[in-house]
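Report on the structure given below.
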Amino acid sequence: NNQKNWSGRFNEPVSELVQRYTASVDFDQRLAAYDIQGSRAHAQMLSAQGIISTQDLAAIEQGLDQIHHEIRVGKFIWRQELEDVHLNIEKRLTDLVGDAGKRLHTARSRNDQVATDIRLYLRTSIDEIISLIRLMQRALLDLAEKHTDTVMPGFTHLQVAQPVSLGHHLMAYFEMLKRDIGRLSDCRKRVNQLPLGAAALAGSSYPIDREQVARQLDFEGICENSLDAVSDRDFAIEFCACATLIMTHLSRLSEELILWMTPAFSFITLADRFCTGSSIMPQKKNPDVPELVRGKTGRINGHLVALLTLMKAQPLAYNKDNQEDKEPLFDTVDTLVDTLRIYTDMLAGIQVNQHAMRASATRGYATATDLADYLTKKGLPFRDAHEVVAKTVQYAERKGCDLSELDLSELQTFSPQVEADIFAILTLDGSMKSRAHVGGTAPQQVQAAIKRARKWLS
Ligand code: ARG
């Protein structure tokens, strides 16, 4: 029979279009395992409180077990006319165990049920994402460790600024991801609160024990206001905001990998398995994966805005609008999981062209600041030193050479304070080595940072 379990007061069925328009089962069936988990905990509480009999509980549990199995092996028949995951499972339960199945929904509404399901789903997803970020961080550390001495140009305005090591550069991303984990962990606390017991919006007239259900489902606490519990999705919005930042970080790294791979830079090559060719230009090897990460970041930003917009004008309490929370949320999780997995593998397959990196740093007067600092240490006010070095760079530019290629007498025409010890300073390695405080690019500092990072990870 196709009777909906809420159709008692209706005189005509919904049209096929309305049925399709209002159904969510095509996408919310992925909540099935959490729905069953929540139902089990609810039923146990109902029985413990004497609201249903132990026989009913036994029947419900046995029915839920079977449904869980049917879903896992792909034998469960999902029916759009039953609207959503909750009603599909409840209907099957009733078909299997009769009246006991009909008693499961005592002291519960789909409103608190769905809020619980999403929170259980999101909690698991957050844990998975955190462990994937950690794997990616490990891959970053492995690559950084090999390149604490590898000189590359550090950029500002995408113009060569000062030499840094590739290891130092990569460790910047480690820091970003570390904060991302912090944000997710914080968000998880607010996700991890139990809505069940709020029922439709006002709570339940049965002697329910919400604390027991919370303990059973490993929630840290219960949502303290029934209206809030069923209606707000701020926890999902917050998660999506965390996701946009993670993607933003990965998108910036992607942009760099793409640049670094162009023949004009030739800093790196990505393993072939992350690239594709062109159907017309035989020479091409395109960095499709980082380009897609950059592209998918737009999509994840869109999901955040979708959820914010979904929420902004909803009066308390539950409105069907909230059914629209799922697809953006699920797609955010899926995209993030795939992106992190692929990135970890991609980092391991990066080949570094140290020669090209060094050559590029040499071309850009990357040690000009070091010359200015040198003169300042000899007593020249920094602003004057800045001026002197600017003139020296102009001269070297006209001559078509690096600062380190000028001879002492040439350098001295701009500033008599320059002595022979300047040449140790003007080298790329000398420049890097001199930035030897915590957070600086000196190889031994970067090694120390990597060591701290490994400890943090373990
Ligand atoms: N499928 C619905 C959702 O995702 C479940 C809650 C429905 N509640 C209701 N009163 N129609 O939000």
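Nothing in this text is a laboratory measurement; each read-out follows from the coordinates by a stated rule. Everything numeric in this text was worked out from a predicted model, so none of it was measured. Glycine gets a Cβ as well: all are built from the backbone with ideal geometry, and neighbour counts include every protein chain shown.
Values computed for the structure shown
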{"read-out": "Residue that is farthest from the ligand (Cβ to nearest atom) [pool: residues in the range 66-104 that are crowded, with 21+ Cβ neighbours inside 10 Å and not in a helix (DSSP H, G or I)]", "value": "L104"}
{"read-out": "Pairs, first within 21 Å of L17 (Cα to Cα) in the range 62-83, second surrounded by 15 or more Cβ atoms within 10 Å (Cβ to Cβ) and among the aliphatic types (A, V, I, L, M), C-beta under 7 Å, six or more apart", "value": "W78/V25; Q80/A23; Q80/V25; L82/V25; E83/A23; E83/V25"}
{"read-out": "Yes/no for G38 being of a type outside the set (A, V, I, L, M, F, W, C) and surrounded by 19 or more Cβ atoms within 10 Å (Cβ to Cβ)", "value": "yes"}
{"read-out": "Test: F267 is in contact with a Pro (Cβ under 8 Å, 6 or more places away or on another chain), touching a residue at least 12 places away in the same chain (Cβ under 8 Å) and more than 16 Å from the ligand (Cβ to nearest atom)", "value": "no"}
{"read-out": "Residue satisfying all of: in the range 409-443; in contact (Cβ under 8 Å) with a residue 60 or more places away in the chain and over 28 Å from the mean Cα position of the chain (by Cα); surrounded by the most Cβ atoms within 10 Å (Cβ to Cβ) among these", "value": "M432"}
{"read-out": "Filter result for V191 (of a type in the set (A, V, I, L, M, F, W, C), away from the ligand (no atom under 16 Å from the Cβ) and either within 30 Å of L403 (Cβ to Cβ) or surrounded by fewer than 18 Cβ atoms within 10 Å (Cβ to Cβ) (or both))", "value": "no"}
{"read-out": "Failed item in (1) without any contact (Cβ under 8 Å) to a residue 40 or more places away in the chain; (2) under 27 Å from the mean Cα position of the chain (by Cα); (3) assigned to a helix (DSSP H, G or I), with F155 passing the rest", "value": "(3)"}
{"read-out": "Unique residue being more than 16 Å from the ligand (Cβ to nearest atom) and either surrounded by fewer than 23 Cβ atoms within 10 Å (Cβ to Cβ) or part of a helix (DSSP H, G or I) (or both) when the list is Q137, Q113", "value": "Q137"}
{"read-out": "Residues of the range 305-323 that turn out to be crowded, with 16+ Cβ neighbours inside 10 Å and either more than 13 Å from the ligand (Cβ to nearest atom) or in a helix (DSSP H, G or I) (or both), as a count", "value": "6"}
{"read-out": "Residue in the range 325-342 that is touching a residue at least 12 places away in the same chain (Cβ under 8 Å), over 21 Å from R123 (Cα atoms) and away from the ligand (no atom under 16 Å from the Cβ) present", "value": "yes"}
{"read-out": "Residue check, S185 more than 16 Å from the ligand (Cβ to nearest atom), of a type in the set (S, T, Y), in contact with a helix residue (DSSP H, G or I) (Cβ under 9 Å, 6 or more places away or on another chain) and more than 30 Å from A372 (Cβ to Cβ)", "value": "yes"}
